[in-house]
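K.L.:
If you scroll down you'll find the structure; I have some questions about it.
What follows is calculated from the coordinates using simple rules that are stated; it is not laboratory data. These figures come from a predicted structure and were not determined experimentally. Heads up, the Cβs are rebuilt from the backbone with ideal geometry, glycines too, and the neighbour counts pull from every protein chain shown.
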Amino acid sequence: MAATTETKTAGTLGIPIEVSSVSEWNSILRNAYANNQTVIADFHAEWCQPCKVIAPVYANLASQQPFTYFLRVDVDGNRTRPIAAKYSISAMPTFVVIKRPPGEEGAASATGKGVVVEKLQGADPQGLARITNTHASRAYAPPSASRTPAAEKAKNLGNDLFKKRQYAAAVEEYSKAIALSPDSGVLYANRALGYYKWIQSKREGADSAEARNALRVTNMEERWGKGWVRLAEALLESGCEESLENVAEDKRSEGRRVSLEGAEEALTNAIQLSEGKVKIDLLAAKYLFPKTSSIAVTMTVIRIN
């Protein structure tokens, strides 16, 4: 699968990236720093037999860690030799783990220098698995704490009410918390799920406007997989018969189509930004889209609490 520098983003390829130049190396590192993602580099050579032996192991580890950049650098390449020199590579293969410098956040402050947190020399499968599992970056999740103690109190009360299935009251508390901490994607996600459960259980008191609130979550926290799940739930709910009962008959089909297409796109984003059991469950949910037109059936699969 060919990929330009612009499309080489962790979480989408699942395969090592063969770096072809210093500029490409720097560009990938800047992208990694901006998203606080780990870079693991395999410095290898064409004539190195141990490099060839360990390469499939490295590729397998890359497939298991979709939020980490796995790079390969040919130490003898005319355009990549300076990278090996920069990191003082003297034996092949050598694996280098690089992370964003402490205190640097966002693309604007990413220097491209990075911090080497560990090096491993030799074709050591166990050692390579260890450093990968230790340093690999995980799926993004926004801070769960609210801005103020009062907002945190309202959120916790909302959570308690939600557990008791008092969804309307939970939504009210989440709304109070949002008023006090309007930049919290977690609160919008909680309220979106509260609305979803409320509609599902009572079929009253809320409408598809909550899909817009769920969309706000993804705008605020675009790398948070659960936020995209919440948007998919809200869009699916907005396309069900009860939500469309006040819509003219000739418009319902179009409304349902738009809701389903939006939900499928949100699920696709959620899959790319999730891992583990969550990712498996989401793949199962997306699998239902071409198999059934039943929104209710699809909604039973999406349960990420």
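K.L.:
Arranged by the count of other C-beta atoms within 10 angstrom, fewest first, what order do Glu24, Glu233 take?
P.N.:
Least crowded to most crowded, the residues run Glu24, Glu233.
K.L.:
If the limit is 21 Å between Cα atoms, which of Lys163/Lys279; Lys155/Lys197; Lys155/Lys226 go over it?
P.N.:
The pairs that break the limit, which is 21 Å between Cα atoms, are Lys163/Lys279.
K.L.:
Sticking with this structure for a sec: Take Val115, project a point 7 Å from its Cα along the Cβ direction, then tell me which residues of region 20-63 have their backbone nitrogen under 16 Å from it.
P.N.:
Zone members listed by number: 33-40.
K.L.:
In a shell of Cβ-Cβ distance under 9 Å around Ala266, excluding Ala266 itself, what net charge do Lys and Arg (+1) and Asp and Glu (-1) give?
P.N.:
On the way: positive: Arg230; negative: Glu233, Glu264, Glu265.
Result for the local shell: -2.
K.L.:
Which net charge results for the neighbourhood of Gln64, defined as the other residues with beta-carbon distances under 13 angstrom from its beta-carbon, given Lys and Arg at +1 and Asp and Glu at -1?
P.N.:
+1
K.L.:
Once phi is turned into θ = phi - 60°, what whole-Hz ³J(HN,Hα) does the Karplus curve with 6.51, -1.76 and 1.60 give for every residue of region 155-169, x standing for Gly and Pro?
P.N.:
4, 5, 5, x, 4, 4, 5, 4, 4, 8, 6, 8, 5, 4, 5
K.L.:
Give the order of Ser90, Ser181, Ser27 when sorted by the count of other beta carbons within 10 angstrom, beginning with the fewest.
P.N.:
Fewest to most other Cβ atoms nearby, the residues stand as Ser90, Ser27, Ser181.
K.L.:
Ordered by residue, what ³J(HN,Hα) values in Hz, to whole numbers, does region 29-37 give under the Karplus form 6.51 cos²θ - 1.76 cosθ + 1.60, where θ = phi - 60° and Gly and Pro are x?
P.N.:
My calculation for region 29-37 gives 4, 4, 4, 5, 5, 4, 9, 6, 10 Hz in order.
K.L.:
Exposure proxy check: Lys155, Lys52, Lys163 ranked by fewest other beta carbons within 10 Å?
P.N.:
Numbers: Lys155 26, Lys52 14, Lys163 10.
Ascending Cβ contact count within 10 Å gives the list Lys163, Lys52, Lys155.
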